[in-house]
Amino acid sequence: MISNPFGQAPNICSPIEFLGRSARRLLEFTLLLLVAAAACLLTGFIALVLLNAVAVDPARSQSPVLNLSLMCLQILAALWILSLIKRGYSLRTLFQIRWHATVGLAISATVLIVIAALLVDLEAICMNEWHPIKPNLHPEVWRTALATMALSAFFEELFHRALLQPLITRLFASEAAGLIGAAAIFTAMHAWKDAVLVFPGALLFGLVFLHTRSVVCTTALHLAMNVTLDLLKGQHLMVSPLLSAEEFAPMRPAIGLALLLLTIAFELLHRSADRRADQRADGRAMRTPPNERTAIDGGATTSV
């Protein structure tokens, strides 16, 4: 075998191959977003046709049943896209239920939002009167409002967490890029005045999805936060708002900070649980008795 006196030749094709992979990923990302946009446009067109078909007067176009039906249509379109592109996680993985994480995070987020609001302006909350719509007198209002918020949160989680976050992760080959990118797009699709509140919440949703792979968990967390904020601002479940727009404005940074702290706490708890699991696995491996045949075969051989 003849050796090369000049050493190993540099692989000049690596940068080209790297650029080729990046270009293919960017093209794939763009095409998949175009498919998603086309599906959304198709859904909007079908919704417009349905409105023209069933809405005899403008009042009927605001029918809760019709609005819920259109949301279901959007969700079906998102599920179709996820099953079609075969990127990210399977639908079976996305729909797994993580009870402990779901319940714990929903309760923690609700409590932290309330505490942050109380710390900022306890006097305004105590002086104002709380007038929620009574579920026993108007159950249809609660059913419609909760169904609307749940379907809306579910669609957003399907689009931003199940679709966008894995695609951005694949594009940049970085989970951090996928987390921050999906959170930034989620924030951009909301009012800019709420960005200081929405972005930390989106980071929390993305991190929870990163560790649980479950849109059921993130949707329940999303819904719990929306219901809590709705009871404070009085959009759907209140006769009159508990807090006016001027009173709620200074609470946005405090609530955003509370959600950011919850995000950090969740990450630390998850890492601690991983370390404990690794330690238990190491302990079980040390307590396992050695295989006798392996020990004999690995020992000194007898002379013939």
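Here is the figure for the stretch 193-213: residues that are basic (Lys, Arg) and in a helix (DSSP H, G or I) total 1. Looking at Glu129, Glu157, just one residue is charged (D, E, K, R), within 18 Å of Gly201 (Cβ to Cβ) and either surrounded by 14 or more Cβ atoms within 10 Å (Cβ to Cβ) or modelled with pLDDT under 85 (or both), and that residue is Glu157. Of Ala182, Ala191, all but one fail to be free of Cβ contacts under 8 Å to residues at least 40 places away in the same chain, open to solvent by less than 10 Å² (accessible area, probe 1.4 Å) and not basic (Lys, Arg); the exception is Ala182. The residue of the stretch 235-255 that is farthest from His131 (Cα to Cα), among those that are open to solvent by less than 20 Å² (accessible area, probe 1.4 Å) and in a loop (DSSP other than H, G, I, E, B), is Leu243. Taking the criterion of being touching a His at 6+ places or on another chain (Cβ under 8 Å) and at pLDDT 90 or above, the residues of the stretch 207-250 that qualify are His211, Asp230. Within the stretch 48-70, the presence of a residue that is β-branched (Val, Ile, Thr), open to solvent by 80 Å² or more (accessible area, probe 1.4 Å) and at pLDDT 70 or above is excluded. Quick test for you: out of Val120, Val114, Val208, pick the one residue that is closer than 22 Å to Ser90 by Cβ and among the aliphatic types (A, V, I, L, M). Among Val120, Val114, Val208, only Val208 is closer than 22 Å to Ser90 by Cβ and among the aliphatic types (A, V, I, L, M).
Filtering the stretch 132-145 to residues that are assigned to a helix (DSSP H, G or I) and open to solvent by 60 Å² or more (accessible area, probe 1.4 Å) leaves Glu140, Arg143.
The values are calculated or read from the model by the stated rules, or taken from the named source; none is laboratory data. Since we're looking at a predicted model, the values are computed, not measured. A quick note on method: Cβ atoms are made from the backbone with ideal geometry, for glycine too, and the neighbour counts reach across all protein chains shown. With ligands, DNA and RNA removed, areas are computed over all heavy atoms of the protein, side chains included. Shrake-Rupley method; radii C 1.70, N 1.55, O 1.52, S 1.80 Å.
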